[in-house]
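Comments concern the structure below.
The values are calculated or read from the model by the stated rules, or taken from the named source; none is laboratory data. For clarity, every value in this text was computed on a predicted model and none was experimentally measured. Please note: Cβ atoms are built from the backbone with ideal geometry, for glycine as well, and neighbour counts cover all protein chains shown. Remember, those area values only see protein heavy atoms, side chains included, never the ligands or the DNA or RNA. Shrake-Rupley method; radii C 1.70, N 1.55, O 1.52, S 1.80 Å.
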Amino acid sequence: MNTDTLERTIQALLAPGRGILAADESFPTIGKRFEELGIESTEENRRAYRDMLLTAPRLSGNISGVILFDETIRQESLEGIPFPKLIAGQGIVPGIKVDEGAVALPGFEGEKFTLGLDGLRDRLPAYFKLGARFTKWRAVISIGEDTPSSGCVAANARSLALFAALSQEAGLVPIVEPEIMMDGDHTLGRCEEVATAALRAVFAALVEQRVALEHMLLKTGMVLPGAGCRKKAGVAEIAEATLRCFTRSVPAAVPGVVFLSGGQSDVPATERLNAICKVTGLPWKVTFSFGRALQDPAMKAWEGSSRNVSAAQKALLHRAVCNGLAVRGRYTAKAEKTRSR
Ligand code: 13P
């Protein structure tokens, strides 16, 4: 394992005031997001959309890394520069989603496990050659009356650990992502309970698989009440529950925790990130690895038209700047209203 490469990547990804743009939507996911806006999901449209994101001026001010999808890492920008080269040229680290999606876990009604370990050892060096320096694998944990089951959590923890071990072997920093879904009417307390148990199981598997905790990042959601829960939680309450859960289950050897947005709207995601990052003395660095909470306003402004590229890039930049402030605990309502130029 080349630990120098892993170390350099970790340092670059966790640079102060910066975070990760998750732009690794799979074909079905980008298709769904485009469809909601009446945009056709063709290869050219996906390329033009990602080109808009990745050529946004001053993106690197607050973005340290971009997670790409397999199609994008092989595509060129509209000006003919391979996307990973375009990103790296701006001082942003290219990364790649390497899982092949979550599917039904047989025998476990309503639960999922993630495909993609077969052939992974051969795919990873190819991604490194294409310019990727980190990888991502997403596991899905749903909260229901009788779920998650220990069988589902164990299967996902094992796959995450094998993925992480294989990535480190290839000189790629693994972003280990167990996502606890926001769907459902569970309370904040129940989410905390499930997230704590799931994270403990994931770290037990990572340790058993001899993954170097120093050379990985944890990506997961904040502790939140389910989207259908009647009892809403305040920003301070969410930050407190999230940090209590993480300090109880994420080893201090892990260099960074990067949050997904998981269906929160953009402004609340930033407010909550800010509240979490205001807390000093945490054992790991904390930043964002948002998909929707960074991209949504930009995608809406873009509407599939080259005429809207500049407006869309401004919308993206604004979210990047606001989240960059949040990571330093300096985000304010005034900053939200000040449009980035
Ligand atoms: P969201 O921030 O939209 O949840 O996406 C992040 C991600 O990478 C999901 O796997």
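Points to keep in mind about this one:
- From the options ALA165, ALA132, residue that is under 30 Å from GLY304 (Cβ atoms) and either within 16 Å of the ligand (Cβ to nearest atom) or not in a strand (DSSP E or B) (or both): ALA132
- Once the stretch 144-162 is narrowed to residues that are more than 16 Å from the ligand (Cβ to nearest atom) and of a type in the set (A, V, I, L, M, F, W, C), the residue that is surrounded by the fewest Cβ atoms within 10 Å (Cβ to Cβ) is ALA154.
- Filtered residues of the stretch 20-68 (kept if touching a helix residue (DSSP H, G or I) at 6+ places or on another chain (Cβ under 8 Å), open to solvent by 30 Å² or more (accessible area, probe 1.4 Å) and within 14 Å of the ligand (Cβ to nearest atom)): ARG33
- The stretch 322-341, subset polar (S, T, N, Q) and at pLDDT 95 or above, residue surrounded by the most Cβ atoms within 10 Å (Cβ to Cβ): ASN323
- Considering ALA126, ALA104, ALA88, ALA132, the condition of being touching a helix residue (DSSP H, G or I) at 6+ places or on another chain (Cβ under 8 Å) and of a type in the set (A, V, I, L, M) is satisfied by ALA132 alone.
- Of the strands (runs of 3 or more DSSP E) entirely within the stretch 182-294, those holding at least 1 residues that are more than 16 Å from the ligand (Cβ to nearest atom) and modelled with pLDDT of 95 or more occupy 285-290.
- If the condition is being over 19 Å from GLU100 (Cα atoms) and touching a residue at least 24 places away in the same chain (Cβ under 8 Å), then the stretch 23-43 contributes PHE34, LEU37, GLY38, ILE39, GLU40.
- Residue within the stretch 240-252 that is in contact (Cβ under 8 Å) with a residue 60 or more places away in the chain, surrounded by fewer than 18 Cβ atoms within 10 Å (Cβ to Cβ) and at negative phi present: no
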